[in-house]
1. As an exercise, use a Förster radius of 56 Å and the Cβ-Cβ distance of residue 46 and residue 167 to find the FRET efficiency, rounded to the nearest 0.05.
2. So between residue 200 and residue 228, what do we pick up on full extension, going 0.36 nm a residue minus the alpha carbon distance?
3. When the accessible area of segment 128-265 is computed with all protein chains present and a 1.4 Å probe, what percentage of it is carbon and sulfur?
4. For a quick check: with amide H placed at 1.01 Å from N, whose amide H comes under 5 Å from residue 95's, ignoring anything fewer than 5 positions away on the same chain?
5. Which stretch or stretches of segment 202-223 have amide N atoms under 16 Å from the point lying 7 Å from residue 192's Cα along the Cα→Cβ direction?
6. Take peptides 219-225, 241-247 and line them up by average Cβ neighbours within 10 Å, highest first, as a rough protection proxy.
7. Tell me, in nm to one decimal, what length is gained between residue 114 and residue 259 on full extension, where the rule is 0.36 nm per residue of separation less the Cα-Cα distance?
8. Pop the C-beta distance of residue 175 and residue 248 into the FRET formula with R0 = 41 Å and round what comes out to the nearest 0.05.
Amino acid sequence: MSQKYLRAIAMLALLCVPPGTIAEVTFEFTFFDVETGTGVGFDDPLLGADRRAALEETAREIGARIGQTATVEIGIAPSETDGSGPIGVAAATFVDTSPGVRDGEVYRRIVLGLPDTDPGLDGGMVFDFGYQVTLSGTPAPGETCFRDVVRHELTHALGFGSFLKADGTGFNGTTPDMYTRFDGMLTSDVGAGTGLPVVDEDGNLLLDGATYAAAHGSGLVFDGPATRAANGGLPLKLFGADPTHSGTAADVMFPSPAMGAVREDWSASDIAVLTDLGYTITEGTPDDDNDNGNGNDNGDDDSNANDNGDDDDDDDPMGEMAMPTCAACGSAGMPFAPLIALGIAGMKHSVSRRRRR
């Protein structure tokens, strides 16, 4: 689908909003920690409510920045707590996995404005609370901001993500294969292949084996007019052999969250990619109700300020830990595989839609 067509869709959606109505996206969450009474993560007796509030507030901030109107249903899988895997994983639901460039249900709801005809959830997320995080204010050294992690993962669910594997296949491991719209905007950045698209709309890999291997290994690039405008006329370099993340450390979509600091808003590059994908992103406004990085607690109970990730009563500092990362691409290069392993894929078809606040 051309960028011209996507912009026409976005403009039509804005024109169809009744006068006086604010265009925004509403995220509705089902917390399976709470649904199943895990007693940890989002159901932790001391920190669970604050964690849910931090996630939902960040989602409201993101929804208010999107100039389209939609309601999106996201399932939050039972939390991990051992701090040994990714700090967060997120994915949209893909109902159509046949060969070609396909859109997740989150994108279909928001950008394409299509009705929700699938009985399942539009996307899924999971978090590992074994890492030391802060829920408000600037994190201490060695800590990361949970709201930053949420912002990163929700952006994956919006469509900032790739199904490209090291061998060039996509979701199904076939030729041709199913890829994301994001994949359809990736190009090579290596040698004679520079500027060549990676896949076509029918799901065919367009690069020869050697060119693709070199491009994938050194980092593909995301190319679009807004992205070039935000990057000095150049496409956005992605992270090494991980095409589902930005290669720029200042971006929210860099694979590792900031430690001891806050990335409290999308960067210009993050916004540009979303714009090229078809989203209408409005200017951000300060949030008076929440301190998202000025170094001060937001005035709530102390349990809301610092979360050491161990799901017990104390808040003792943890020892030095490996930097947590987002693993939306999985260790084998399959994006979102951890979510599928945790049951989101099957869960989306079997649970009723319930909003839990």
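The values are calculated or read from the model by the stated rules, or taken from the named source; none is laboratory data. Just so you know, these numbers come straight off a predicted model, no measurement behind them. Virtual Cβ from ideal backbone geometry, glycine too; neighbours counted across all protein chains shown. SASA here: full protein model, heavy atoms, side chains in, ligands and nucleic acids out. Shrake-Rupley method; radii C 1.70, N 1.55, O 1.52, S 1.80 Å.
1. Details: r = 46 Å, r/R0 = 0.82.
E(calc), rounded to 0.05, equals 0.75.
2. Values: separation 28, 0.36 × 28 = 10.08 nm, distance 2.07 nm.
Gain on stretching residue 200 to residue 228: 8.0 nm.
3. Working: 2540 of 4400 Å².
With neighbouring chains kept in place, the figure for segment 128-265 is 58 percent.
4. For residue 95, the qualifying residues are 105.
5. 207-215, by backbone N distance to the label point.
6. Details: 219-225: 20.6, 241-247: 22.6.
Order by mean packing, descending: 241-247, 219-225.
7. Numbers: separation 145, 0.36 × 145 = 52.20 nm, distance 3.87 nm.
Value of the extension gain: 48.3 nm.
8. Numbers: r = 32 Å, r/R0 = 0.78.
Efficiency at R0 = 41 Å is approximately 0.80.
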